[in-house]
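Scroll down for the structure; my scribbles are underneath it.
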Ligand code: SF4
Ligand code: SF4
């Protein structure tokens, strides 16, 4: 989390989507400052989506358990976190470590024009769905950005095309409406990245 405004872990945003080891490709260890600005969380332009949309479990480092689409008890009216300065001490290391890769502000500002899930139940349902998708897509974008830097020129070109394709889906909102499988897309991107990095390592 990057500000006094909130940020929690996406512990259970979309079963099946989070089961691929992106960390093995290194994106999890990539510091936010190394990414493009729009792939860094900007909690001041978000309505605390990660503190509401996902479910989380106490044993995963969240202090208590809550169902999806339910605000955390510590979320403030201005979307700040009541215990922001004490997350570790209060048993919320999951919140401290969480990264939405910039999905939160893109959904709040880019897709919903600054609206909040508090506007209505209908808005909340659409917003949480969008957040789940954008969070997964932004993680892939961050991974692609990292992989482009480490790949051979021909592979880097292909990875850039994939990056632009995902960006277009996010810009247009097709990421929410298109009938594609996020799980299938994720597997394709991971495979593409692994192959590109493998070729780069073989010639290194
Ligand atoms: S979803 Fe992202 S931008 Fe929004 S509060 Fe959580 S960490 Fe911050
Ligand atoms: S404790 Fe609650 S309000 Fe604070 S960052 Fe975690 S989920 Fe958000």
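Dividing the mean sequence gap of close Cα pairs (under 8 Å, 6+ apart) by how many residues the range 29-135 holds gives a relative contact order of 31 percent. Arranged from fewest to most other beta-carbon atoms within 10 Å of their beta carbon, 132, 59 become 59, 132.
Of the Cα atoms belonging to the range 17-203, the radius of gyration and Dmax stand at 17.1, 55 Å. At full extension, residue 203 and residue 57 could sit 48.2 nm farther apart than now, given 0.36 nm per residue minus the alpha carbon distance.
Across the range 17-203, C-alpha contacts under 8 Å between residues 6 or more apart give a mean separation that, scaled by the residue count, equals a relative contact order of 22 percent. Computed packing ranks the peptides 96-103, 33-40 as 96-103, 33-40, most packed first, by mean other Cβ atoms within 10 Å.
We did not get these values from a lab; they are worked out from the coordinates using the rules stated. Since the structure is predicted, the reported quantities are computational estimates derived from the model, not experimental observations. Glycine gets a Cβ as well: all are built from the backbone with ideal geometry, and neighbour counts include every protein chain shown.
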